[in-house]
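Shown next, in structure tokens, is the structure this report addresses.
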Amino acid sequence: MQRRHWAILACSALVTTASAQSFDLVGFWPGAGNVSSRLYGLSADGRVAAGTSYGSLQRNPGYVWTREGGRYDFGLEAGLPTATIVYGLSGDGTTAVGQATDLGAFRWSGTGTYQSLGIQPGYAESIA
């Protein structure tokens, strides 16, 4: 009988230590007249999300979001294409990849790190 109580107590402890689920809104980029923001990537631990906002102002900037830091619209950095459509995020949440306005693939790993991966000869577009 005593073993059974310990087993129940141990199972109860496992249940109560499980982390609670939550849902957060990532919002839109400032002053955009946006229609939607979509998430296309999530880090393995769920702490970083990445996606793209679609709006009525001919800009579709990519963004990354964390609960701690909020939203950063890297697609609005100076000199970037008008669209940076995010299609994926690395497992550790440090690198977003996708396709830009010029139909070339890109990767982004932090402020000022946008890198066009171009289009291979003989192809019309590339996506990362």
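The values are calculated or read from the model by the stated rules, or taken from the named source; none is laboratory data. A quick note: this is a predicted structure, and the numbers were derived from the prediction, not measured. Methodologically, a virtual Cβ is constructed for each residue, glycine included, from the backbone with ideal geometry; neighbour enumeration extends over all protein chains shown.
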>> Let me confirm something: among A78, A32, A20, A13, which residue is assigned to a loop (DSSP other than H, G, I, E, B), at pLDDT below 90, surrounded by fewer than 17 Cβ atoms within 10 Å (Cβ to Cβ) and more than 18 Å from the chain's Cα centre (by Cα)?
In response: A20
> What residue, among those in segment 51-68 that are among the small types (G, A, S) and at pLDDT below 90, is nearest to R107 (Cα to Cα)?
Replying inline: S53
> What number of residues within segment 94-109 are part of a loop (DSSP other than H, G, I, E, B) and either more than 15 Å from the chain's Cα centre (by Cα) or under 18 Å from S53 (Cα atoms) (or both)?
Replying inline: 5
> If you go through segment 50-75 one residue at a time, how many are out of contact with any Lys or Arg (no Cβ under 9 Å at 6 or more places or on another chain), surrounded by 13 or more Cβ atoms within 10 Å (Cβ to Cβ) and farther than 14 Å from Q99 by Cα?
Replying inline: 4
> Just checking, how many residues over segment 91-104 are of a type in the set (G, A, S), over 18 Å from Y63 (Cβ atoms) and in contact with a strand residue (DSSP E or B) (Cβ under 9 Å, 6 or more places away or on another chain)?
Replying inline: 1
> So I119 clears everything in (1) under 16 Å from the mean Cα position of the chain (by Cα); (2) surrounded by 14 or more Cβ atoms within 10 Å (Cβ to Cβ); (3) of a type in the set (V, I, T) except one condition, right? Which one?
Replying inline: (1)
